[in-house]
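Notes follow once the structure below has been shown.
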Amino acid sequence: MNNNIKNEINDLKKEKNAIILAHNYQPKEVQEIADFLGDSLELCIKASQLDDKDIIIFCGVDFMGETAFILNPDKKIIIPDLDADCPMAHMTTGEEVKVAKKKHPDAAVCLYVNSLADAKQYADTLCTSSNVVKVIESLDEDEILFGPDNNLGEYVSSKTFKKIIPITDEGYCYVHKKFTVQDIETKRKEHPDVEVICHPECDKVVQDKCDKVMSTGGMINYILDSDKNDFVLGTEIDIASRINLLNPDKNIIPLRDDAICDSMKIITLEKIRDSLKNEEPLIKLPDEIAKKSLKAVNHMLDASKN
Ligand code: SF4
């Protein structure tokens with residue numbers, strides 16, 4: 001059954017000159033048919049290099065599709081199910097950024113790429129968990145308004161002398177918020193010699209108990225380069241699918257089995273096939289918002305190169 005759908009998807013992709021991009025948290029079967037897999041930054045960079053494609057099928061969540069549109073306003077950007085939204089991306093609105101800017105007129109605004117264009121349009125730059133330190137350091141200002149993820153904000157505060165000011169009191173990823181110090185202690189008892197690595201979206205108390213704190217891209221590179229095979233990872237469970245596609249010998253133990261991003265899982269092979277066939281649902285943004293947001297996206301892409 002799956003093979004039939006995969007063949008249909010591959011035929012449609014050729015016929016429509018389309019490419020499938022997928023995030024590292026997508027289900028295994030989606031990762032297997034994707035042309036390109038990556039974290040938010042890698043997907044952003046890839047989306048900026050797709051002049052030869054007419055359609056981009058983005059297997060991820062709303063803010064990722066919006067970012068692909070900002071970079072490619074003349075292409076058809078499709079998310080196979082528009083209900084795939086990131087709750088955290090909705091936690092900082094454009095209005096909240098405007099209010100914070102009024103309160104801190106000398107501060108620059110750096111938003112996590114996990115935000116909507118409604119907020120991005122007022123940002124000076126964006127960041128992902130893999131480039132956040134580099135991006136913050138690239139700004140001239142010493143005060144930085146930051147959102148929506150306050151755990152990532154606290155993480156970068158510990159790596160820079162700049163003052164990080166959260167835009168809102170509450171901004172978090174509900175998946176990474178699940179991890180507790182108790183989870184780490186339990187895993188360390190079960191797997192005494194195994195390194196525990198978590199994502200900077202986890203609470204600081206959890207980060208402090210881990211051996212390393214890394215973005216998903218960082219985790220993948222670190223694990224593939226390591227001589228060891230066993231790792232406990234405090235991030236979304238399907239990171240294991242991505243790592244095992246690259247090296248099946250790596251044994252990835254989830255810090256919690258229920259660390260599942262529901263929105264990432266609603267994309268299915270059937271929906272990808274149907275969206276290719278019907279060329280919808282399309283991601284669209286008003287011209288003005290897309291143009292204003294492009295400035296911040298480009299600033300991040302430039303800062304990531306250095
Ligand atoms: S894992 Fe968290 S930050 Fe990532 S898309 Fe899901 S809810 Fe958003």
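One residue alone among 239, 220, 164 is more than 14 Å from the ligand (Cβ to nearest atom), within 26 Å of residue 23 (Cα to Cα) and open to solvent by less than 50 Å² (accessible area, probe 1.4 Å), and that residue is 220. Taken together, the criteria place residue 76 among residues that are in contact with a Leu (Cβ under 7 Å, 6 or more places away or on another chain), open to solvent by 10 Å² or more (accessible area, probe 1.4 Å), assigned by TED's automatic domain parsing to the domain that holds residue 13 and of a type in the set (Lys, Arg). Just one of the numbered conditions (1) within 25 Å of residue 300 (Cα to Cα); (2) open to solvent by 20 Å² or more (accessible area, probe 1.4 Å); (3) in contact with a Gly (Cβ under 8 Å, 6 or more places away or on another chain) is not true of residue 112: (2).
Restricting attention to strands (runs of 3 or more DSSP E) lying wholly within the range 77-158, give those where 3 or more residues are under 26 Å from residue 46 (Cβ atoms).
Numbers: elements: 108-112, 125-127, 143-147.
Result: 108-112, 125-127.
Tally the residues that are outside any helix (DSSP H, G or I), among the acidic types (Asp, Glu) and either within 16 Å of the ligand (Cβ to nearest atom) or touching a helix residue (DSSP H, G or I) at 6+ places or on another chain (Cβ under 7 Å) (or both), restricting the search to the range 40-76. Please lay out each step first, then the result.
At the first step, the residues of the range 40-76 found to be outside any helix (DSSP H, G or I) are 48-61, 72-76.
Okay, now just the ones that are also among the acidic types (Asp, Glu), so 51-52, 54, 74.
Cutting the leftovers down to either within 16 Å of the ligand (Cβ to nearest atom) or touching a helix residue (DSSP H, G or I) at 6+ places or on another chain (Cβ under 7 Å) (or both) gives us 54.
Residues in the range 40-76 being outside any helix (DSSP H, G or I), among the acidic types (Asp, Glu) and either within 16 Å of the ligand (Cβ to nearest atom) or touching a helix residue (DSSP H, G or I) at 6+ places or on another chain (Cβ under 7 Å) (or both): 1 in total.
Restricting 125, 180, 186 to residues that are at negative phi and either within 16 Å of the ligand (Cβ to nearest atom) or outside the structural domain of residue 235 (by TED's automatic domain parsing) (or both) narrows the list to 125.
The values are calculated or read from the model by the stated rules, or taken from the named source; none is laboratory data. Quick caveat, the model's predicted, so the values are computed rather than measured. Quick reminder, even Gly has a Cβ in these numbers, built from the backbone with ideal geometry, and neighbours come from all protein chains shown. For accessibility, only protein heavy atoms count, side chains too; no ligands or nucleic acids. Shrake-Rupley method; radii C 1.70, N 1.55, O 1.52, S 1.80 Å.
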